[in-house]
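Right, one structure below, let's go through it.
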């Protein structure tokens, strides 16, 4: 099979399962293949999209340019680094499988991030997080191909500029193509089990002092109850970020809606539960033609059968309008919308 293919359907490569086409498409297994594709005169001056697991992406049209599908493998235990044990993982490795493999290798620390869809290379871009843990807390560095300098660069946490579901890669789109991620797993592990859903699940299992594997199992159970399997019904997981507001904004909202679900994140800032806001607007379980808001979790928009990306985006706009009208809050999408 040629490295570069022309006119490829992207439906198998996005978890929403929406139809879109790529003018040019390449699957990349090595850095050498990546360099060869980027140097090919047929695509050198074209727009470029780097694709991982397609779990954080919504296509609303064909992509007129080059789609690079990253399939770089690798799993290597590096030398210990003080209080952390370092593991380098290829950007094309499945994230959830990597979390399980680390536990099997006696390397806990990412169990709260179990069952998050996508590939390892996408994790720093989004600074993925769940149930009290963010990637930034377990991150050492990454290697990326710098498309401007045309060389491999190693970026540490400071250079990645991590924020809530944010990183430098969102602000310099297309510049860096992540090749591998080096994780820093704590040598002296302690459970992160204070998040309400996790604590409730552990109590239900009569577990007072959880091991890492028990937290992993609890998180998987929680996510499977709340989130649909993309193989069964198209979705990209949580479609909206939890909005962050000031103490004054939060107090004003509580004055109007005392049941508002919110979390103190320090510095006079509070995170609001976006799913609660959507549900309070009466949209949980709403169906709009071939799309809908998932009936078990209002944060999730679903493709109920051959919906287009434009249809899903229209539903997202309806949800944003409803939350804005009732609460004066702007919901920001998590997935990249093309």
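The values are calculated or read from the model by the stated rules, or taken from the named source; none is laboratory data. Quick caveat: nothing in here was measured; it's all calculated off a predicted structure. Using ideal geometry, Cβ is built from the backbone for each residue, glycine included, and neighbour counts are taken over all protein chains shown.
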Requested in this report: Test residue 310 against the stated conditions and say whether it is out of contact with any strand residue (DSSP E or B) (no Cβ under 9 Å at 6 or more places or on another chain) and either under 30 Å from residue 61 (Cα atoms) or assigned by TED's automatic domain parsing to the domain that holds residue 58 (or both).
Outcome: yes
Query raised in the report: Of the numbered conditions (1) touching a residue at least 40 places away in the same chain (Cβ under 8 Å); (2) part of a helix (DSSP H, G or I); (3) in the same structural domain as residue 82 (by TED's automatic domain parsing); (4) closer than 29 Å to residue 79 by Cα, residue 215 satisfies every one except a single condition; which is it?
Result: (3)
**Report entry** Residues that are over 13 Å from residue 167 (Cα atoms) and in contact with a strand residue (DSSP E or B) (Cβ under 7 Å, 6 or more places away or on another chain), drawn from region 122-140
**Finding:** 138, 140
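Here's the yes/no breakdown for (1) surrounded by 15 or more Cβ atoms within 10 Å (Cβ to Cβ); (2) under 22 Å from residue 308 (Cβ atoms):
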site	(1), (2)
17	yes, yes
71	yes, no
79	no, no
89	yes, no
92	yes, no
98	yes, no
**Report entry** Enumerated strands (runs of 3 or more DSSP E) restricted to region 61-160, each holding at least 3 residues that are within 20 Å of the chain's Cα centre (by Cα)
**Finding:** 63-70, 84-90, 139-146
Report summary line: In region 41-64, anything touching a strand residue (DSSP E or B) at 6+ places or on another chain (Cβ under 6 Å) and either surrounded by fewer than 15 Cβ atoms within 10 Å (Cβ to Cβ) or more than 30 Å from residue 227 (Cβ to Cβ) (or both) is listed as 43, 46, 47, 48, 64
Report task. Would you tally the residues in region 200-212 being free of Cβ contacts under 8 Å to residues at least 40 places away in the same chain and either in the same structural domain as residue 319 (by TED's automatic domain parsing) or touching a helix residue (DSSP H, G or I) at 6+ places or on another chain (Cβ under 6 Å) (or both)? Result -> 4
Report task. Could you list all residues from region 218-236 that are surrounded by fewer than 23 Cβ atoms within 10 Å (Cβ to Cβ), in contact (Cβ under 8 Å) with a residue 40 or more places away in the chain and touching a helix residue (DSSP H, G or I) at 6+ places or on another chain (Cβ under 7 Å)? Result -> 222
Query raised in the report: Applying the selection to region 237-279, what residues are closer than 26 Å to residue 220 by Cα, in a helix (DSSP H, G or I) and touching a helix residue (DSSP H, G or I) at 6+ places or on another chain (Cβ under 7 Å)?
Result: 277, 278
